[in-house]
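One structure is given below, encoded as structure tokens.
The values are calculated or read from the model by the stated rules, or taken from the named source; none is laboratory data. All values reported here derive from a predicted model rather than from experimental measurement. Because the Cβ atoms are built from the backbone with ideal geometry, glycine has one as well, and the counts that use them run over all protein chains shown. The accessibility values were calculated without ligands, DNA or RNA, using every heavy atom of the protein model including side chains. Shrake-Rupley method; radii C 1.70, N 1.55, O 1.52, S 1.80 Å.
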Amino acid sequence: MSMLMLSGAKDRLLPSSIPFRFFASASVFHILFWIALLMGADDLATFNGGTGWVLAAIHLATLGTFAMTAMGAAFQLLPIATRQPLVHNWPTYLTFWLFMPGTLILTFGMATTSMAALTVGGIATSSGLLGFALLTADNLRRASSLPLVTAHGWIAMISVLALTVLALLLIFDLDTGFLPDHRAAAATHMSFAAFGFMGVLVFGFSYVLIPMFALSRALPPRIGWMGLVFSALALAFATPALLLEITILQFAALLCAHISAAAYLWQMRTAFKTRMRKRLGPAFIVIRASWALLAISLLVALATLLGAPIPNGATLFGFLLLAGWLLTFLLGVLQRIMPFLASMHANPKDGRTPLLSELTAQRPLDIHMFCHGAALVLVATGIVTDITLLIATGAAIGLIGAIAFATFAALVIRKL
Amino acid sequence: MTEEPPGKYWRDDGILHIDVRGLGPPEPMVAILFHIEKPEEVGPVIVHHFCEPIYFYPELTEMGWSYEIIPGEPEEVRLILRQKT
């Protein structure tokens, strides 16, 4: 009887191949991100848009690692959190097989300025992203619990729609030049991608995942709702502010983003204060560092907008936001969540469920943590000082860290 | 954490019962861990849940507890937790 019941529990999980194909791909794209950054080291500090290795690196991180991780996590965690299963599994496979090769082709097109690759890759990637958004929206539509997380999910999915439309317009504009201001559209696309999609999704998922990992009491929803309102306002102000270059609206958008981030960080502080688990492990060193980098990135943005003499301030802001906050946070969560999911999926021959600690290869994670931190410091310093050697050295160290992280991922997957 | 745990709990024939129905995530897990982390709590412990807490199983295993689903009321998933020897 109990064995039957337990197999029922396993049936409520998606096949392990679904989330882990996304997580494995995210680990590989993480390696490719640092390689592309190494190739584009000479152009990074003064990057001002346009195709090339830097643009490819940005999308290897945002699409290849961030979105890929978000998809794997959302497909696996959202149905259980909302208690609304996916209707079918096949759309997740379709999404993956559109999105993963699409991202490879698209970023190849960005690096080489190949219109054919940009077009094919752009359409495939957009189709994969929209497939993900539709599947997630269907789950959110049926969800009756976790209203705060669900509301974050809706804003993130609306942002996916906006960023995808803008992405396709930007690709076709490279060939035809029909957009009145390509750079303004690109900046708006980035605000929807980095803040509207990934940022808001990270905020929403954190309200469940962080208390779950830290064993905290449920977080007071009022501050979470306030943060969400300011996230939405930040996006609402940022769109005309960036498209039409209206400075006062840029300040308004940034102020709202600051309040939204402050509300989120306050909630995370509450989770830490009420936690039962005193030893959170190395993953939380990474996660806490990412929160510090979120605050620093927004302060850099504000200082740059106020005209503070920060050399290459806009690029520094972008790097701290993407590699500093989002990449660091997601790698911290991945190193916590992969052994956790593997433990639930594991089907050992001796019938003994493996312990979480047995599924975590700490040595590669330690190497990654050291290399990732060093890479962030070196590349950020290289951007400010415009020294290519620093950026290249940072990217090379980041690459070593990414390989160590992929080794950890491979070791977890091998135990499935 | 010294405050009262979320959920309801009582003892019946010396066995601790924890009722986490109606709690939002992650409070069911917090409530159960609050009790079973106490050194004097050696089990067995009966948990009254609204769904099967599959995300909790790795944590329980790590802590040296086994779990088994036993018959309960309709709309209830009842688990018995035992400390592994």
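For region A:216-293 and region B:1-32, compute the distance between their C-alpha centroids and round to whole Å. What the calculation gives is 31 Å, centre to centre. Per-residue ellipticity at 222 nm computed for chain A from its helices equals -26000 deg cm²/dmol, with DSSP H segments shorter than 4 residues left out and the rest contributing -39,500 (n - 2.57). Considering only alpha-carbon pairs that sit under 8 angstrom and 6 or more positions apart, the relative contact order computed for region B:20-83 is 35 percent. Treating the Cα atoms of the protein assembly as shown as identical point scatterers in vacuum, please give the log10 of the normalised Debye intensity I(q)/I(0) at q = 0.06, 0.07, 0.14 Å⁻¹, two decimals. Log10 I(q)/I(0), no solvent term: -0.28, -0.38, -1.45. Just to confirm a number: summing +1 for Lys and Arg and -1 for Asp and Glu over residues other than B:His48 whose beta-carbon lies under 15 angstrom from that of B:His48, what do you get? Its environment carries a net charge of -4. As a ratio to 2.2 N^0.38 Å, the alpha-carbon radius of gyration for region A:100-209 is 1.17.
Chain A contacts chain B over a buried accessible area of about 2700 Å², both sides summed; the probe is 1.4 Å and only protein chains count.
Between B:Cys51 and A:Ser114, the simple spin-label model (points 7 angstrom out along Cα→Cβ) gives 4.4 nm. The stretch between A:Phe251 and A:Asp138, if pulled fully straight at 0.36 nm per residue, gains 37.2 nm over its current Cα-Cα span. Ligands, DNA and RNA left out, the accessible area of the protein assembly as shown computed with a 1.4 Å probe is 67% carbon and sulfur. Normalised by the number of residues in chain A, the average gap of Cα pairs under 8 Å and 6 or more apart makes the relative contact order 18 percent. Summed over the residues of region B:20-83 and divided among them, the accessible surface reaches 38 Å² per residue at a probe radius of 1.4 Å. The fraction of Cα-Cα pairs per 5 angstrom bin, counted from 0 for region A:285-373, comes to 3, 14, 18, 16, 13, 11, 8, 7, 5, 3, 2, 1, 0 percent, rounded to whole percents.
Global size of region A:169-230: 17.8, 54 Å for Rg and Dmax (C-alpha atoms, Rg to one decimal, Dmax whole).
Protection proxy ranking, highest mean first, for peptides B:14-20, A:365-371: A:365-371, B:14-20, where packing is the per-residue count of other beta-carbon atoms within 10 Å, averaged.
A quarter of the convex hull surface defined by the alpha-carbon atoms of region B:20-83 gives 3.9 nm² as the mean projection.
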